[in-house]
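Reading through the structure tokens given below for one structure.
FYI, it's all coordinate maths here, none of it is from the lab. Since the structure is predicted, the reported quantities are computational estimates derived from the model, not experimental observations. When we count neighbours, we look across all protein chains shown, and the Cβ atoms used for this are built from the backbone with ideal geometry, even at glycine.
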Amino acid sequence: MKNIIIIGARGYESNYGGWETFVTNLIKNYHDKNVVFHVPELTHNKKERKVVLEKEKVKCLLIYVPKLGFVTMFLYAIKALKSLKKYIRKNNLQNVSVYILGCRVGPIYPFLIHALQKEGIKFYLNPDGLEWMRDKWAWWIKECFKLSEHVMVKHSDAIICDSKAIQNYIDQRYQKFHKKTYFIPYGAYLDEKEEKTDLVNSLLKKYKIKENNYYLIVGRFVPENNFELIIREFMKSKTKKDLVIISNVIENKFYKKLKKKTRFFEDKRIKFIGPVYDKPSLLYFRKNAYAYIHGHSAGGTNPSLLESLATTKLNILFNAIYNVEVGLTSALYFSRMPNDLVRILNKCETFDSKLIKKYATLARERIKSAYSWESVVKEYKKLW
């Protein structure tokens, strides 16, 4: 029996972001009776700590960490790693591999895993994107992330990259460590069913949104997703369609700065409708959008982008190496150059149904050929 422990996501079947989406879909598509998955799960309820839940045969050890802002996930990763030795011995786990998602724990990483590595347990690291490049972090936090990445790459047994660009970066920057790197992307589903749920109906009514009459953004409300650039350019465009933004908007410093700089509230086309975690509802907004705008500029392959290529007719992506690697000729690309996105939006308004269908077909073919969950799981099975 093979035991695979995945650390770094908030849990199995948790509605948050990329890691949680990845872990849930990887396990759901990993059909092998000889493999048991263990996924530590974050809880803010002190009474739940050290409880082991079983969700669809996935073992979830609850790790308690209070809500402490961005520090929460650092402490969670450390606690999850610290609990490994006791958890493995208590449950008499054999043939164990540990998969770490993200470079969070830094300098203490070798001390947390050394004893288990001596016992033959392999530690695989997925560094995700380049966390130290994200605009939301202060300079000293960026330096901490750089150090953390360095230490964790050095002491892991192998590195798994979800983007070829990230793999190239790791190979070049850390070539002296002679680490084996693997390129295994995320996956996406084709032909998923959307549903006009009560949530969809209420949001359509509340924000006066019409099908096929809006551009869509789906993503975390952070600076590196280029909200300011997209909103500013959209406001200058000629389109009469709406800009529907599905995001966990928090009225923080970034929001206030964005509001002051762009005065987006004066443009009735721009509609922040909050987060939508329900999958059928989110699919409905994706499938019925005129086009999707993907502004992510940091990180590797983004699950939100893959979902969009699998569902939305037109896709307009920020011209970052990670996005071009995924979209290739199936999408349109914009840069930070003034009026570049304006030009593309105005161009999209002239597209006929035949051209839109062509882009949609290319996007679906791209997912089918390179990003199906079947092919992703096949690569992980080879590795493990």
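Quick notes on this structure:
- The smallest convex shape that holds all Cα atoms of the chain, its convex hull, gives 146 Å³ per residue.
- Amide H within-cut-off set for V51, under 5 Å, with H built and near neighbours excluded: L62
- Centre-to-centre, using Cα atoms only, the range 178-228 and the range 253-292 are separated by 10 Å.
- Estimated 222 nm signal from helices in the chain, with DSSP H stretches of n ≥ 4 weighted -39500 (n - 2.57), rounded to 500: -12500 deg cm²/dmol
- Counting beta carbons within 10 Å around each of D157, D191 and listing the fewest first gives the order D191, D157.
- Built amide H within the under 5 Å cut-off of Y99, gap 5+: I5, I6, I7, Y124
- Local charge for L305 was computed over the other residues whose Cβ lies under 11 Å away, with Lys and Arg +1 and Asp and Glu -1, and equals -1.
- Footprinting exposure proxy for T239, T311 (fewest neighbouring C-beta atoms within 10 Å first): T239, T311
- Taken over the C-alpha atoms, the range 1-159 has Rg and Dmax values of 15.2, 47 angstrom.
- 14 Å beta-carbon shell around N45, net charge (K/R +1, D/E -1): +4
- One Cα centroid belongs to the range 299-320, the other to the range 1-79; the line between them spans 26 Å.
- Both the radius of gyration and Dmax for the range 184-249 are 14.5, 41 Å, in that order, over alpha-carbon atoms.
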